[in-house]
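**Q** Structure provided below as structure tokens; questions to follow.
The values are calculated or read from the model by the stated rules, or taken from the named source; none is laboratory data. Keep in mind the model is a prediction, meaning the values are calculated, not measured. Here Cβ is always computed from backbone atoms with ideal geometry, including for glycine, and neighbour counts include all displayed protein chains.
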Amino acid sequence: MAKTMIGVIGGTGLYEIDGLTDAAWVTVNSPWGAPSDQILTGTLDEVKMAFLPRHGRGHVHSPSTVPYRANIDALKRIGVTDVISVSACGSFREDMAPGDFVIVDQFVDRTFAREKSFFGTGCVAHVSVAHPTCPRLGAACLQAARDQGVKVHETGTYLAMEGPQFSSLAESKLYRQWGCDVIGMTNMPEAKLAREAELCYASVAMITDYDSWHPQHGAVDITAIIATLHGNAANARGLVARLPALLGTTRAPCPHGCDRALDFALMTEPAKRDRALLAKLDAVAGRVLR
């Protein structure tokens, strides 16, 4: 049985975890560059916790410049087993209203300006992201949200756009036709990288607005978003605080295979693998490369 360590990647509006004991901001060096910020570590209800502000304290990284590879590598490097992504999103559905939470289970990736894999020339690997989030971890987030008293939707498809601008009206209508439920700028390639790093990953979307499709709400208004964010952030902190009791101090192997995603993914023959790239993969893929 492995020791549980919950890693929380906080998006806009969530910048801390309440109630941590032995809390300390630590610097984690990654061969993939500097993470977004130092990582806040500590213990909550006897479970180790790690918090990483996705945009950095003070919101210094845009969605396109977030160092996604360094962030996931750093979390894996310090022993995180389960990653909870919390992020602000727009809604494409009338019944998913501002203030609601959505447990995301699918993605449509429309980003184009980001490095999306730890692997490449010299060590090629292909992981499945048919089911990009961990059902076990998503169920825990769902229960935590309900216990917090938040209106939460059990599933949802997240459209990841490049940003930093919000959608045009035509784009917003198109994404609704595709069957997407929420829109954001940061869960891709984050979810793909977590899968490559063999980390269980769950995404909690905090709805702030109706994007630009809603005839009664018009274009996205950043001042209205910020007002909703304040309420969402308090509920998000409450959700996170409930996770240690739900997940426990120890964990068995993931029943959905998230922690074994690389078992059959490596394609490059051992003799042909690039040693420099292998050295960078020591944390995310060390289990299968040793």
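**Q** Arg77: surrounded by fewer than 19 Cβ atoms within 10 Å (Cβ to Cβ) and either modelled with pLDDT under 95 or not aromatic (Phe, Trp, Tyr) (or both), yes or no? I'd like the intermediate steps shown before the answer.
**A** Numbers: surrounded by fewer than 19 Cβ atoms within 10 Å (Cβ to Cβ): no; either modelled with pLDDT under 95 or not aromatic (Phe, Trp, Tyr) (or both): yes.
Here the answer is no, as Arg77 does not meet what is asked.
**Q** What pairs can you find where one residue is in segment 43-59 and among the charged types (D, E, K, R), the other is surrounded by fewer than 19 Cβ atoms within 10 Å (Cβ to Cβ) and not in a strand (DSSP E or B), and their Cβ atoms are less than 7 Å apart, with a gap of 6+ or different chains?
**A** Asp45/Ala245; Glu46/Thr249
**Q** Mind listing just one residue for me: the one in segment 44-73 that is over 18 Å from Thr4 (Cβ atoms) and charged (D, E, K, R) and, of those, farthest from the chain's Cα centre (by Cα)?
**A** So the residue we want is Arg57.
**Q** Here's something else I'd like to know. Which of (1) part of a loop (DSSP other than H, G, I, E, B); (2) touching a residue at least 40 places away in the same chain (Cβ under 8 Å); (3) over 15 Å from the mean Cα position of the chain (by Cα); (4) under 21 Å from Cys200 (Cα atoms) does Gln143 not meet, given it meets every other one?
**A** Status for Gln143: all satisfied but (1).
**Q** With Ala245, Ala194 as the choices, which residue is hydrophobic (A, V, I, L, M, F, W, C) and buried (at least 24 other Cβ atoms within 10 Å of the Cβ)? Step through it out loud before you land on a result.
**A** On the way: Ala245 fails: buried (at least 24 other Cβ atoms within 10 Å of the Cβ).
Within the list Ala245, Ala194, the selection yields Ala194.
**Q** What tally of residues in segment 274-290 results from selecting those that are closer than 21 Å to Ser128 by Cα and outside any helix (DSSP H, G or I)?
**A** 5
**Q** For a quick check of your reading of the model, give me the residue pairs whose first member lies in segment 148-167 and is among the charged types (D, E, K, R), whose second is not in a loop (DSSP other than H, G, I, E, B), with beta-carbon atoms closer than 7 Å and at least 6 apart or on different chains.
**A** From residues that are among the charged types (D, E, K, R), the pairs are Glu154/Ile103; Glu154/Leu142.
**Q** Among all residue pairs at least 6 apart or on different chains, which show Cβ distances below 6 Å where the first residue, located in segment 170-189, is without any contact (Cβ under 8 Å) to a residue 60 or more places away in the chain and surrounded by fewer than 23 Cβ atoms within 10 Å (Cβ to Cβ) and the second is part of a loop (DSSP other than H, G, I, E, B) and not charged (D, E, K, R)?
**A** So the pair list comes out as Lys173/Trp213.
**Q** Restricting to segment 1-16, and then to whatever is in a loop (DSSP other than H, G, I, E, B) and out of contact with any helix residue (DSSP H, G or I) (no Cβ under 6 Å at 6 or more places or on another chain), can you tell me which residue is farthest from Thr81 (Cα to Cα)?
**A** Step one: filter segment 1-16 for residues in a loop (DSSP other than H, G, I, E, B), giving 1, 4, 11-16.
Now narrow it down to the ones that are out of contact with any helix residue (DSSP H, G or I) (no Cβ under 6 Å at 6 or more places or on another chain): 1, 11-12, 15-16.
Working: Met1: 12, Gly11: 19, Thr12: 23, Tyr15: 21, Glu16: 19 Å.
Result: Thr12.
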